[in-house]
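Here the structure comes first, spelled out in structure tokens, and everything after it is commentary.
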Amino acid sequence: MIKAADLPDTLSVFPLPGALLLPRSRLPLHIFEPRYLAMLDDALKTRERLIGMVQPNEVPGRDDRGLHAIGCVGRITQFSETDDNRYLITLTGVSRFRILAEMDGFTPYRRCAVSWSGFDCDLGPVEQDADFQRPVFMALLKRYFEQLDLSTDWDTLKDAENELLINSLSMLLEFSAEDKQALLEAPSLSTRRETLVTLLEFALRGGAGEDYMQ
């Protein structure tokens with residue numbers, strides 16, 4: 001288990017639109033671009049095997065892509081290499097971070113100076129949501145799935161712990177990049193659940209009729 005003292009002051013970051021990683025959750029990734037293959041090779045050489053996931057933040061009128069200030073670092077917990085030199089990996093979320101500055105360097109991938117301040121709960125035990133009305137939430141989720149003609153393993157969802165349920169849905173449901181960022185930045189599990197409910201209700205009112213599961 002990674003402790004606060006193990007978290008570095010600089011991170012390799014992977015800007016990937018729509019890909020959300022949350023603490024204690026798992027994100028499968030397919031790595032094939034040369035710069036990110038180099039990033040992965042370098043990460044695998046370290047003890048912690050950390051990669052920072054962050055949303056690009058496009059600025060109108062500019063050709064370059066900025067980065068959102070807050071991301072989440074994941075530890076490579078599974079990986080396999082294909083015959084054509086691609087990687088299939090799984091990142092397990094460790095902690096959110098705040099980008100302080102992007103660093104100049106000779107790596108083909110981006111690196112940032114980061115701060116871990118304000119995210120102490122990410123390294124703690126599973127979060128609880130005392131106000132979570134699970135039957136009401138599941139009824140809303142069922143209406144969402146039915147309206148978008150989606151299928152899922154309802155038995156698995158019903159058995160999932162509250163944090164796993166909320167975080168997994170936040171990561172898997174196809175929301176906009178800005179909505180994903182709002183779910184990431186939620187200061188608590190209850191706030192994330194409230195944000196998720198708002199997004200589901202908005203979709204049911206016709207605001208996101210083309211959303212689908214990844």
| query | For region 124-196, how big is the tail of P(r) above 17 Å, as a whole percent of Cα pairs? | reply | 44
| remark: Rounded to the nearest 10, the angle in degrees between the Cα long axis of helix 134-147 and the longest principal axis of the Cα atoms of the chain comes to 80
| note | For the chain, longest principal axis from Cα atoms; helix 189-202 axis from its Cα atoms; angle between them, nearest 10 degrees, is 60
| Cβ crowding within 10 Å averaged over residues, with 188-198, 27-37 ranked highest first | 188-198, 27-37
| Can you list the residues, at least 5 places off or on another chain, whose amide H is less than 5 Å from the amide H of residue 97, using H built in the peptide plane? | 71, 72, 73
| task | With θ set to phi - 60°, apply the Karplus curve 6.51 cos²θ - 1.76 cosθ + 1.60 along region 172-183 and write out the HN-Hα couplings as whole Hz, x wherever there is a Gly or Pro. | result | 8, 5, 8, 9, 5, 4, 5, 5, 4, 5, 5, 5
| Using θ = phi - 60° and the Karplus form 6.51 cos²θ - 1.76 cosθ + 1.60, what ³J(HN,Hα) does each residue of region 23-33 get, whole Hz, x for Gly and Pro? | x, 6, 10, 10, 10, x, 9, 10, 9, 9, 5
| request: Excluding residue 21 itself, calculate the net charge of residues whose Cβ lies under 12 Å from the Cβ of residue 21, where each Lys or Arg counts +1 and each Asp or Glu counts -1. | output: +4
| For mean projected area of the Cα convex hull in nm², the choices are [x] 15.1; [y] 13.4; [z] 16.2; which was calculated from the structure? | [y]
| What aspartates and glutamates sit close enough to residue 45 to cross-link, taking a C-alpha to C-alpha distance under 17 Å and skipping anything fewer than 8 places away on the same chain? | 6, 81
| What list of whole percents do you get for P(r) of region 4-122, with Cα-Cα distances grouped in 5 Å bins up to the one holding the largest distance? | 2, 11, 22, 25, 21, 11, 5, 2, 0
| task | Pick out which of 150, 20, 40 has the largest mean-square fluctuation in a Gaussian network model of the chain, springs linking Cα atoms closer than 10 Å. | result | 150
| note | Reduced to Cα centres, the span from region 67-85 to region 1-55 in Å works out to 4
| message | Suppose each label sits 7 Å from its Cα in the direction of the beta carbon; what would the residue 107-residue 58 distance come out to in nanometres? | response | 2.6
| query | Given region 4-122, what percent of its DSSP beta bridges are antiparallel, to the nearest 5? | reply | 90
| request: Can you pull a Stokes-Einstein diffusion coefficient for region 92-214 at 4 °C (1.567 mPa s), Rh from Kirkwood over Cα pairs, as a whole number of µm²/s? | output: 80
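Values in this text are rule-based calculations from the coordinates and carry no lab data. Keep in mind that this is a model prediction, so the values were computed, not measured. All Cβ positions, even for glycine, are placed from backbone atoms using ideal geometry, and neighbour counts span all protein chains on display.
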